[in-house]
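**Q** One structure, pasted below without further comment.
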Amino acid sequence: MRFVIYALDKPDALPRRLANIDAHRSYLGEAPERHGIKILLSGPLTQDNGETMRGSFFLLEAENRAVIEEFLAGDPMGAADVWSDLQISAVFVRQDNMSAV
């Protein structure tokens with residue numbers, strides 16, 4: 001199954017995000033396989049300037065929502081209290097033009 005994660009940062013979270021970005025990236029490098037997850041697409045949400053980070057976006061492939069929740073529970077961004085609003089939704093992909101980019 002495919003899932004989308006859309007996580008907005010707390011208004012005061014940018015310093016905590018930046019302080020934990022290396023640990024977060026390291027976690028994303030090893031944890032998905034351990035949890036049986038495949039990251040199809042991910043990256044920070046940004047302000048319209050394209051630079052100032054304000055959240056996180058993931059498109060994942062996983063067996064179920066419980067696996068996603070377990071994966072997120074170990075993410076350093078969660079432990080650093082960065083995210084204010086974290087939404088997980090299953091998604092049925094009708095179009096995929098990523099290979100054309």
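Computed from the coordinates by the stated procedures, all read-outs in this text should not be read as laboratory data. All of these numbers come straight from a predicted model, not from anything done at the bench. Ideal geometry is used to build each Cβ from the backbone, glycine not excepted, and the neighbour counts take in all protein chains shown.
**Q** Give a quick list of GluC sites (Glu not before Pro) in region 9-101 that DSSP marks as loop, anything other than H, G, I, E or B, with at most 11 other Cβ atoms within 10 Å.
**A** Glu51, Glu63
**Q** Could you give the angle, 0 to 90 degrees to the nearest 10, between helix 14-35's Cα long axis and the longest principal axis of the Cα atoms of the chain?
**A** Once rounded, the angle reads 30 degrees.
**Q** Show me the three semi-axes of the equivalent ellipsoid for region 13-65, from the C-alpha gyration tensor (sqrt of 5 times each eigenvalue), largest first, rounded to whole Å.
**A** Largest first, region 13-65 gives 23, 14, 8 Å.
**Q** So which chymotrypsin sites (Phe, Trp or Tyr not before Pro) in region 1-96 end up in coil per DSSP with only 13 or fewer other C-beta atoms within 10 Å?
**A** Passing both the DSSP loop test and the Cβ count: Phe92.
**Q** Please give the calculated 222 nm ellipticity per residue for the chain, where each DSSP H segment of at least 4 residues contributes -39500 (n - 2.57) and the sum is spread over every residue; nearest 500 deg cm²/dmol?
**A** Here the helix-only value at 222 nm equals -10500 deg cm²/dmol.
**Q** Using Cα-Cα distances under 8 Å and only pairs 6 or more residues apart, what relative contact order does the chain have, in percent?
**A** After rounding, I find 47 percent.
**Q** Which of the following values of percent of Cα pairs over 18 Å apart was calculated from the structure shown: (i) 43; (ii) 51; (iii) 47?
**A** It is the one labelled (iii).
**Q** Given +1 on the Cβ of Lys and Arg, -1 on the Cβ of Asp and Glu, and no further charges, what dipole in debye does region 2-92 carry about its Cα centre, rounded to the nearest 20?
**A** Taking the Cα centre of region 2-92 as origin, the dipole is about 80 debye.
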